[in-house]
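Notes follow the structure.
The values are calculated or read from the model by the stated rules, or taken from the named source; none is laboratory data. Values in this document were obtained by computation on a predicted structure and should not be read as measured data. For neighbour counting, all protein chains shown are included, and Cβ atoms are generated from backbone atoms with ideal geometry for every residue, glycine included. Quick note on the areas: whole protein, heavy atoms, side chains included, nothing else; ligands and nucleic acids left out. Shrake-Rupley method; radii C 1.70, N 1.55, O 1.52, S 1.80 Å.
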6 protein chains.
Amino acid sequence: MAEQSQGNPQHKPQHKPISRFPVPELKDLPDDIREKILAVQEKAGFVPNVFLTLAHRPDEFRAFFLYHDALMLKETGSLSKADREMIVTATSAKNNCLYCVVAHGALLRIYAKNPLLADQVAVNHLKADITPRQRAMLDFAVKVCLDSGSVGDADYAALHSHGFDDEDIWDIASITAFFGMSNRIANSIAMRPNDEFYLMGRLPKK
Amino acid sequence: MAEQSQGNPQHKPQHKPISRFPVPELKDLPDDIREKILAVQEKAGFVPNVFLTLAHRPDEFRAFFLYHDALMLKETGSLSKADREMIVTATSAKNNCLYCVVAHGALLRIYAKNPLLADQVAVNHLKADITPRQRAMLDFAVKVCLDSGSVGDADYAALHSHGFDDEDIWDIASITAFFGMSNRIANSIAMRPNDEFYLMGRLPKK
Amino acid sequence: MAEQSQGNPQHKPQHKPISRFPVPELKDLPDDIREKILAVQEKAGFVPNVFLTLAHRPDEFRAFFLYHDALMLKETGSLSKADREMIVTATSAKNNCLYCVVAHGALLRIYAKNPLLADQVAVNHLKADITPRQRAMLDFAVKVCLDSGSVGDADYAALHSHGFDDEDIWDIASITAFFGMSNRIANSIAMRPNDEFYLMGRLPKK
Amino acid sequence: MAEQSQGNPQHKPQHKPISRFPVPELKDLPDDIREKILAVQEKAGFVPNVFLTLAHRPDEFRAFFLYHDALMLKETGSLSKADREMIVTATSAKNNCLYCVVAHGALLRIYAKNPLLADQVAVNHLKADITPRQRAMLDFAVKVCLDSGSVGDADYAALHSHGFDDEDIWDIASITAFFGMSNRIANSIAMRPNDEFYLMGRLPKK
Amino acid sequence: MAEQSQGNPQHKPQHKPISRFPVPELKDLPDDIREKILAVQEKAGFVPNVFLTLAHRPDEFRAFFLYHDALMLKETGSLSKADREMIVTATSAKNNCLYCVVAHGALLRIYAKNPLLADQVAVNHLKADITPRQRAMLDFAVKVCLDSGSVGDADYAALHSHGFDDEDIWDIASITAFFGMSNRIANSIAMRPNDEFYLMGRLPKK
Amino acid sequence: MAEQSQGNPQHKPQHKPISRFPVPELKDLPDDIREKILAVQEKAGFVPNVFLTLAHRPDEFRAFFLYHDALMLKETGSLSKADREMIVTATSAKNNCLYCVVAHGALLRIYAKNPLLADQVAVNHLKADITPRQRAMLDFAVKVCLDSGSVGDADYAALHSHGFDDEDIWDIASITAFFGMSNRIANSIAMRPNDEFYLMGRLPKK
């Protein structure tokens, strides 16, 4: 590992490995996967590494994003996009997943239009600038993340008292569960977050 | 909750809820989902409750089983079907997921043609009748399950020394991660395992 | 360790070691111990390995079963035999004791006349088909098992509210404590459960 | 609870309850139990509360002390009496059992003729004035206490390398297991250590 | 708590409480404390909240910063300023201390001239762009943070093998210990990090 | 490590190392530090090792005792000296710090004029002879010690209900935090408690 890049002056963009596994070239990918990747690149301005690293396994790539989109892009229910990213950020921090905290923290800042929220939620959601309803949502998500076997009636009741209905609870639990999977894969293959994510949503939009 | 069915004489089949959420009728489901369910019923003789409970959310159902099949039905790599079910059983026990321990324990007994293995692996894989290679596989799976943030070079080296290659490691990690998701969903919606699973694979086949 | 017996086709009864320690021959045992063993064999149809492995230490054998019988065969108090075996199964699972989960799970199925209960209680008693009273009993047993230093007035009050009196609480605590000892010994000497236990109580009696 | 006795000046001997349960009068006890209690009183100068509190259940009392004596008074094996009390003190501290830390800490001071050892072992055996052999013994005992399901070949090998044979290992494990039971009972019934124990072995014998 | 500031559009600077305790006015403070605060304001462009919140207790304020400066401004030893802030960031994350992760993460980015390092170290130092020497340093700091009772010879040896001498080890341990204190105070009084910290060191200096 | 001193007959005062680091001679110390040490020796009859071991770092010594005195010698607030030492003893036990449990346990016995209290609080404060108010104080201190990130409104309310005001809460939290630092330093440098502490406060004053 080259010393000059580590905690030293002259930080420069570097080409560090983004996975322990081979990362395919765009041209070698099946059409549907390449198209999905080009679309996200068009929209985001870069390709998040999760797309490139999971493309090593096309069938799993397809299932992963199908599931992801079903949970994160669905238009029903009372969870805002910021709520969903907040769940991902808080629980990914409990799982010590660098990729997901950095990437979804960026999305949280953007959707919430709040440059502070992601760091707060990642370090200690009990000290974050969130509503009591969001606090209850994150309390439940953290329980699903760390001790799902104990989920029971009292958890449903607590969420109902904050206006969440059962379908919202399914959403919170499933988002937590899906990203718990994503965290374990990312940690196991050493998926590296793109440098671009770290600064996203921290500056006022012009 | 009816008293007479609980730990008392005269245990009889009962119709206990299989989920906290509405369970759709087969006839109300999209064609592709109904067909998948009928196919599994044809093969297994009954419909495992995971199919019925997840059908409440058709898009998530499709993604879930697409992912499931990509990991569990793939024909490459050195993990046997019994190995995969062993990973599911061991890690689901760590997550206290009744559905997955019972259902995948049944599959483990069948694939391994061993009526004892599932209970052993669920209670303490260190005391199970498995090979040193399987022991290393489960040690890694349990680490991915409980502390994926600490996975590193030494884990890869340990698995390599037992003949697993990197693609096998991806498989072990992803199976663990996928069923960690499944465990959290099942626990959160109180998915109940079918009574049929408990006895499967325990009796010699005639 | 022979490969062919592990997770492979052609599972056959094998003579695996039942303890890390010498297992005495029946004929070499003191009379009282041999008689107790022959009596249990007469009743159960086989000799549970706990009798054979502990017979390596006759004085400890005598004390162990004297204590066991005082707690498990006593005819006073409100705990049914199924309740007692349920406590053993649930807490032995927390201690990852294969012998006790398998052997006492068998007894639980038999006493409760319920083929599903043992697996449920071993994996997650919060999802088991038990009464609220049994749930309170197991909640307390698990606390005694994992964090007895925190037992206090509130625990007694919770049990009283379900109709347990102080003597019942002594019973629950002592059964948990006794099998916590048994679990630690079994784990330390690698006591192997008899193959016979795995299937007991799973089939309807003819 | 009387305020003046708690952390205040004028500490005087008081008659605090020694158990949550009825404590029998000596005269009401079965002969064998009364005799055992009178014998210990003769020898120690007072009756340790464990005798009085457990006498509430004569059958369990008999089994408890039969087991206790089999492990703690046996004259074979390489564990000294101080070694055995050291195991009890260290593991009872992990279980937060006031009775056993105080009572067996007293015995440890006496048998080891060392007034400092019990407090050291109770707070952190890694910082205690013990031999490397005793350190290995306590490391194993703590593992049996906290995570017996993980005991395996490596633990046996480590102890062998310090000169312990398999029978010694059985002793260490069983002493740990037995007092793990004792700890859970004492914590659950709120067994109070006699005031006398606290000072025993702390002063030079005249 | 005002709803519009929480995870919603139109994030604007707000005057949220920075402590559960009264925050003194500069003019009401003892001269030495006011001067120290004015000096830091001069240098940093704002007053970090730790100065204002601790000024509620002048004697503790003086001791806190005397200790802080002795450890963080000392000019001997082989720990760079970035190393020290890295220790603070990593261990404060383990203690879920929002103030210290955010404030010292900012200093880490600045001293290391690396905009990514603080988030990496806070989420999972095992995945951070650091040298093996820094990895060993943080492994030790995390052990001191979470389980100092187990620190022993092997830890010293591991650090020596990376070129740390005993005085460096004292520094690592003391910095971890000091900020462990700071974390617990900040968490207990709900010390809020200044908004300014979140962006510091993330943009290239012009 | 010399065998004859360990758990053996003929315990005699020995000159065991009191730190892994060099311990300065009194004559080589800066005047202010030497004077502070001589003053404590005058008062206590011996020099507690924390003074000698920390004198290796004069600047840190000064800050440490300045902080210590600000918290432990302050004359405002409702915490008695015994209360403060009780906090130190209980939380140092959670951190497995031999030095602080032994030294501050001695002070607790003396200030509380109660020879039993320190051992009770160190092993299990829930079983100690303390008032409900002291129990609430220690419950909070233990939470600050082990999980300060979760401290919140409910903790403040619980303490208020026992008559503690906010300034008392600051005191409890800061004492816990300060000795949490002290525990980590003592554990890391292997600070050895003076033999004198073990017996202090255990005998009636003449």
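For B:L98, the conditions (1) touching a helix residue (DSSP H, G or I) at 6+ places or on another chain (Cβ under 6 Å); (2) at pLDDT below 95 all hold with the exception of (2).
Restricting attention to segment E:91-115, and to residues there that are open to solvent by 10 Å² or more (accessible area, probe 1.4 Å) and outside any helix (DSSP H, G or I), which single residue is nearest to E:F197 (Cα to Cα)? Applying the filter and picking the extreme gives E:P115. Restricting attention to segment B:182-196, the residues that are crowded, with 24+ Cβ neighbours inside 10 Å, in a helix (DSSP H, G or I) and not hydroxyl-bearing (S, T, Y) total 5. Condition check for E:G77 on (1) open to solvent by 40 Å² or more (accessible area, probe 1.4 Å); (2) farther than 23 Å from A:A122 by Cβ; (3) out of contact with any helix residue (DSSP H, G or I) (no Cβ under 7 Å at 6 or more places or on another chain): one failure, at (3). Among residues of segment C:39-57 that are closer than 18 Å to C:D28 by Cβ, those with a Cβ under 6 angstrom from a residue that is part of a helix (DSSP H, G or I) and open to solvent by 50 Å² or more (accessible area, probe 1.4 Å), sequence gap 6+ or separate chain, pair up as C:V47/C:Q41. Tell me which of these B:A190 doesn't satisfy, since it passes every other one: (1) within 14 Å of chain A (Cβ to nearest Cβ); (2) touching a helix residue (DSSP H, G or I) at 6+ places or on another chain (Cβ under 6 Å); (3) over 16 Å from A:I185 (Cα atoms); (4) not hydroxyl-bearing (S, T, Y). If we test B:A190 against (1) within 14 Å of chain A (Cβ to nearest Cβ); (2) touching a helix residue (DSSP H, G or I) at 6+ places or on another chain (Cβ under 6 Å); (3) over 16 Å from A:I185 (Cα atoms); (4) not hydroxyl-bearing (S, T, Y), just (2) comes out false. Residue count for segment C:36-62, restricted to those that are more than 12 Å from chain D (Cβ to nearest Cβ) and closer than 30 Å to B:V121 by Cα: 14. Given the condition hydrophobic (A, V, I, L, M, F, W, C) and closer than 29 Å to E:K127 by Cα, answer yes or no: does some residue in segment B:99-106 qualify? No, every residue in segment B:99-106 fails to be hydrophobic (A, V, I, L, M, F, W, C) and closer than 29 Å to E:K127 by Cα. As for segment D:97-114, it holds at least one residue that is away from chain C (no Cβ under 14 Å) and over 16 Å from the mean Cα position of the chain (by Cα). Scanning segment B:1-42 for residues that are outside any loop (DSSP other than H, G, I, E, B), open to solvent by 80 Å² or more (accessible area, probe 1.4 Å) and modelled with pLDDT under 95 turns up B:E3, B:Q4.
Taking the condition of being of a type in the set (A, V, I, L, M) and more than 11 Å from every other protein chain (Cβ to nearest Cβ), how many residues in segment E:70-96 meet it? Total satisfying the criteria: 5. Among the residues making up segment B:154-175, those that are farther than 25 Å from C:N124 by Cβ and more than 9 Å from every other protein chain (Cβ to nearest Cβ) are B:A154, B:A157, B:A158, B:L159, B:H160, B:S161, B:H162, B:G163, B:F164, B:D165, B:D168, B:D171. The set of residues in segment E:145-163 that are in contact (Cβ under 8 Å) with a residue 24 or more places away in the chain and within 17 Å of E:N96 (Cβ to Cβ) comprises E:C145, E:L146. Within the span defined as segment C:184-200, one or more residues are touching a residue at least 24 places away in the same chain (Cβ under 8 Å) and closer than 14 Å to D:S182 by Cα. Is at least one residue of segment D:159-175 touching a helix residue (DSSP H, G or I) at 6+ places or on another chain (Cβ under 6 Å), of a type in the set (D, E, K, R) and either crowded, with 24+ Cβ neighbours inside 10 Å or over 24 Å from F:A118 (Cβ atoms) (or both)? No, the conditions are met nowhere in segment D:159-175.
Here C:M200 meets the list (1) open to solvent by 10 Å² or more (accessible area, probe 1.4 Å); (2) facing chain D (nearest Cβ under 8 Å) almost entirely, failing just condition (2). With respect to the conditions (1) at pLDDT below 95; (2) within 22 Å of B:E60 (Cβ to Cβ); (3) in contact with an Asp or Glu (Cβ under 7 Å, 6 or more places away or on another chain), A:S78 lacks only one, and its number is (1).
Being part of a helix (DSSP H, G or I) and touching a Ser or Thr at 6+ places or on another chain (Cβ under 6 Å) is the filter here, so list the residues in segment B:149-177 that pass it. The answer is B:D168, B:A173, B:T176.
Of the residues that make up segment F:122-143, is at least one within 14 Å of chain E (Cβ to nearest Cβ), under 29 Å from E:M191 (Cβ atoms), among the basic types (K, R) and in a loop (DSSP other than H, G, I, E, B)? No, segment F:122-143 contains no residue that is within 14 Å of chain E (Cβ to nearest Cβ), under 29 Å from E:M191 (Cβ atoms), among the basic types (K, R) and in a loop (DSSP other than H, G, I, E, B). Residue count for segment B:147-165, restricted to those that are over 23 Å from A:C145 (Cα atoms) and in contact with a Lys or Arg (Cβ under 7 Å, 6 or more places away or on another chain): 3. Please work out if D:R20 is at the interface with another protein chain (Cβ under 9 Å from one of its Cβ atoms), within 21 Å of D:G180 (Cβ to Cβ) and of a type in the set (K, R). Judged against the criteria, D:R20 is a match.
For segment D:170-206, name all the residues that are among the aliphatic types (A, V, I, L, M) and modelled with pLDDT of 95 or more. Within segment D:170-206, D:I172, D:A173, D:I175, D:A177, D:M181, D:I185, D:A186, D:I189, D:A190, D:M191, D:L199, D:M200 meet the criteria.
A:F65 meets the stated requirement of being under 13 Å from the mean Cα position of the chain (by Cα), facing chain B (nearest Cβ under 10 Å) and part of a helix (DSSP H, G or I). Taking the conditions exactly as written (in contact with an Asp or Glu (Cβ under 8 Å, 6 or more places away or on another chain) and either closer than 26 Å to D:F179 by Cβ or not aliphatic (A, V, I, L, M) (or both)), does C:L117 satisfy them or not? It is false that C:L117 is in contact with an Asp or Glu (Cβ under 8 Å, 6 or more places away or on another chain) and either closer than 26 Å to D:F179 by Cβ or not aliphatic (A, V, I, L, M) (or both).
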